[in-house]
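Peer 1: Before we start, here is the structure in question, set down as structure tokens.
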Amino acid sequence: MGICRICGKPTTSHRIGAYFVCHDCWEKRKGEVEKLRTELKKKVEASLNALTKNEKDGMKLMGIVQKFALNFDDEIKTALKEYRYSVEDENRFIVFLNYFTFERELESRGKTPAELFMEEYDMPDWVAENIKKFQTPVKGFFEVKEVLPQSRFIVQDIFNKKEYLLCGEINLKKGDFIGDEIYPWEDVYLTGGAISLYTDEDAEKFLKMAEEFEKLIEKSIEKQKEVYSKFLEYFGKDDPVFDSIDSAEDALDKFTSWMEGGEGGKKIEEEKEGDIGIVCHPSSGIYVVPDYGKFKRMMEGREAADREYAEKIMKEMPYPVIKKLSEDKNFAKLIKEVFGKDITEENLDDFMKKIRPDW
Ligand SMILES: [Zn+2]
């Protein structure tokens with residue numbers, strides 16, 4: 001039971017931040033309720049303005065937003081019922097609360113508590129940016145690889161082997177397994193105040209899953225290698241061009257049935273000056289790329305280069321295809337011709353990042 005901040009009566013009727021207000025005061029002493037709200041807003045905004053970029057303040061910010069999320073009692077009850085784990089201790093509750101605060105949209109508002117928090121309070125832009133990042137934590141199952149001083153840990157995702165520098169006051173030792181979400185903060189990751197520690201039995205189960213996952217990836221890499229060599233055998237190159245989508249698709253169909261040992265052994269010749277490319281990438285698969293032929297002719301200086309067109313194609317081409325083309329020295333030559341920029345191996349990536357964010 002809380003205490004009404006205005007009259008002192010026991011109550012849980014209404015909440016303003018961490019304060020309770022009884023129903024009587026809520027209805028009849030609106031001026032004081034408003035004052036309380038302003039007071040709280042000032043207090044919260046003062047602490048938001050005082051934040052720095054160190055990890056402790058990152059944790060503090062998570063706590064401030066969590067506290068705001070606690071106002072939505074009814075939705076917390078609903079969310080707990082739907083939650084995929086049972087919340088049997090405090091640690092687990094904080095893991096749940098992070099999910100509730102940053103990821104789950106409130107049924108009544110269609111927004112996460114974190115989004116409502118950003119609407120309610122004024123804060124420096126960089127703080128708002130970081131709250132937005134909390135909404136997309138890294139999810140995974142991690143092994144603690146190294147314990148560093150000052151509550152820092154190197155953890156590794158057991159599935160994709162990516163390593164993260166994790167910060168948080170939590171008792172972990174080398175070889176422990178932890179799960180759920182870690183939250184980006186500047187150039188490190190935060191535990192969010194709690195993290196699920198797994199039993200050896202759980203860990204074994206996850207490791208087995210990881211192993212199967214790896215096998216699956218290996219299998220698909222092998223399969224792709226096989227497709228690539230068949231493609232080369234059939235077309236004589238990995239990027240034949242055709243003059244219409246229809247003829248490209250037709251060629252692709254015939255190749256597929258030939259590769260699978262079905263009908264037709266007849267190889268289809270490419271049409272030398274076509275625009276539609278069928279590009280087979282050694283590890284990513286087969287792509288039909290509409291402007292491939294023209295772009296390549298521009299690269300080779302066989303067709304006049306046009307800046308607008310080149311830029312459009314560089315943006316739209318599937319990533320593995322353009323990435324592979326960029327390894328050709330003619331790619332840098334084309335950039336120089338149309339953008340007037342001298343591109344070397346060292347600055348190519350910087351230039352491409354400006355054109356496409358996925359580079
Ligand atoms: Zn009251």
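Peer 1: Taking the stretch 304-329 as the region of interest, how many residues are closer than 21 Å to Asp238 by Cα and assigned to a loop (DSSP other than H, G, I, E, B)? Before you say what the answer is, go through the steps one by one.
Peer 2: Quick first cut of the stretch 304-329, residues closer than 21 Å to Asp238 by Cα only: 313-314, 316-329.
Narrowing further to those that are assigned to a loop (DSSP other than H, G, I, E, B): 317-318, 326-328.
Qualifying residue count, the stretch 304-329: 5.
Peer 1: For the stretch 153-177, enumerate the residues that are without any contact (Cβ under 8 Å) to a residue 24 or more places away in the chain and surrounded by 15 or more Cβ atoms within 10 Å (Cβ to Cβ).
Peer 2: Phe153, Ile154, Gln156, Asp157
Peer 1: Keeping to the stretch 4-23, report how many residues are within 9 Å of the ligand (Cβ to nearest atom) and out of contact with any strand residue (DSSP E or B) (no Cβ under 8 Å at 6 or more places or on another chain).
Peer 2: So the count comes out to 2.
Peer 1: Collect the residues in the stretch 102-142 that are polar (S, T, N, Q) and either exposed (fewer than 13 other Cβ atoms within 10 Å of the Cβ) or in contact with a Pro (Cβ under 6 Å, 6 or more places away or on another chain) (or both), keeping them in residue-number order.
Peer 2: Residues of the stretch 102-142 that are polar (S, T, N, Q), as a first pass: 108, 112, 130, 135-136.
Within the stretch 102-142, Ser108, Thr136 meet the criteria.
Peer 1: For the stretch 152-177, give me each residue that is farther than 23 Å from Ile217 by Cβ and modelled with pLDDT under 90.
Peer 2: Listed by number, the residues that qualify are Gly168, Glu169, Ile170, Asn171, Leu172, Lys173, Gly175, Asp176.
Peer 1: On to the next question. Filter the stretch 51-62 for residues that are touching a residue at least 40 places away in the same chain (Cβ under 8 Å) and either part of a loop (DSSP other than H, G, I, E, B) or not assigned by TED's automatic domain parsing to the domain that holds Trp126 (or both) and give the result.
Peer 2: Restricting attention to the stretch 51-62, the residues satisfying the condition of being touching a residue at least 40 places away in the same chain (Cβ under 8 Å) are 51, 53, 55, 58-59, 61-62.
Selection gives Leu51, Lys53.
Peer 1: Being part of a helix (DSSP H, G or I), of a type in the set (Val, Ile, Thr) and away from the ligand (no atom under 16 Å from the Cβ): is that true of Thr38 here?
Peer 2: Working: part of a helix (DSSP H, G or I): yes; of a type in the set (Val, Ile, Thr): yes; away from the ligand (no atom under 16 Å from the Cβ): yes.
Answer is yes for this residue.
Peer 1: What number of residues in the stretch 51-90 are at pLDDT below 85 and either closer than 21 Å to Gln150 by Cα or crowded, with 18+ Cβ neighbours inside 10 Å (or both)?
Peer 2: Selection size over the stretch 51-90: 1.
Peer 1: Filter the stretch 22-60 for residues that are among the β-branched types (Val, Ile, Thr), over 15 Å from Trp185 (Cα atoms) and under 37 Å from the mean Cα position of the chain (by Cα) and give the result.
Peer 2: Thr38, Val44
Peer 1: Let me ask you something else. Within the stretch 199-243, how many residues are of a type in the set (Asp, Glu) and outside any helix (DSSP H, G or I)? Please lay out each step first, then the result.
Peer 2: Here is the first cut: in the stretch 199-243, the ones of a type in the set (Asp, Glu) are 200-202, 204, 211-212, 214, 218, 222, 226, 233, 238-239, 243.
Pick out the ones that are also outside any helix (DSSP H, G or I) and you get 238-239, 243.
Of the residues in the stretch 199-243, 3 are of a type in the set (Asp, Glu) and outside any helix (DSSP H, G or I).
Peer 1: Would you confirm whether or not the stretch 266-274 contains a residue that is modelled with pLDDT of 85 or more and surrounded by 12 or more Cβ atoms within 10 Å (Cβ to Cβ)? I'd like the intermediate steps shown before the answer.
Peer 2: From the stretch 266-274, those modelled with pLDDT of 85 or more are 274; that's our starting set.
Subset that is surrounded by 12 or more Cβ atoms within 10 Å (Cβ to Cβ): 274.
Yes, some residue in the stretch 266-274 is modelled with pLDDT of 85 or more and surrounded by 12 or more Cβ atoms within 10 Å (Cβ to Cβ).
Peer 1: Of everything in the stretch 41-50, what is without any contact (Cβ under 8 Å) to a residue 40 or more places away in the chain and either in a helix (DSSP H, G or I) or within 12 Å of the ligand (Cβ to nearest atom) (or both)? Give them in sequence order.
Peer 2: Lys42, Lys43, Ala46, Ser47
Peer 1: Still on this structure, please answer the following. Give just the number: which of (1) touching a residue at least 60 places away in the same chain (Cβ under 8 Å); (2) within 16 Å of the ligand (Cβ to nearest atom) does Trp26 not satisfy?
Peer 2: (1)
Peer 1: Residue by residue through the stretch 313-359, note down the ones that are closer than 19 Å to Gly285 by Cα and among the acidic types (Asp, Glu).
Peer 2: Glu316, Glu327, Asp358
The values are calculated or read from the model by the stated rules, or taken from the named source; none is laboratory data. All figures in this text were calculated on a predicted structure; none of them were measured in a lab. Ideal geometry is used to build each Cβ from the backbone, glycine not excepted, and the neighbour counts take in all protein chains shown.
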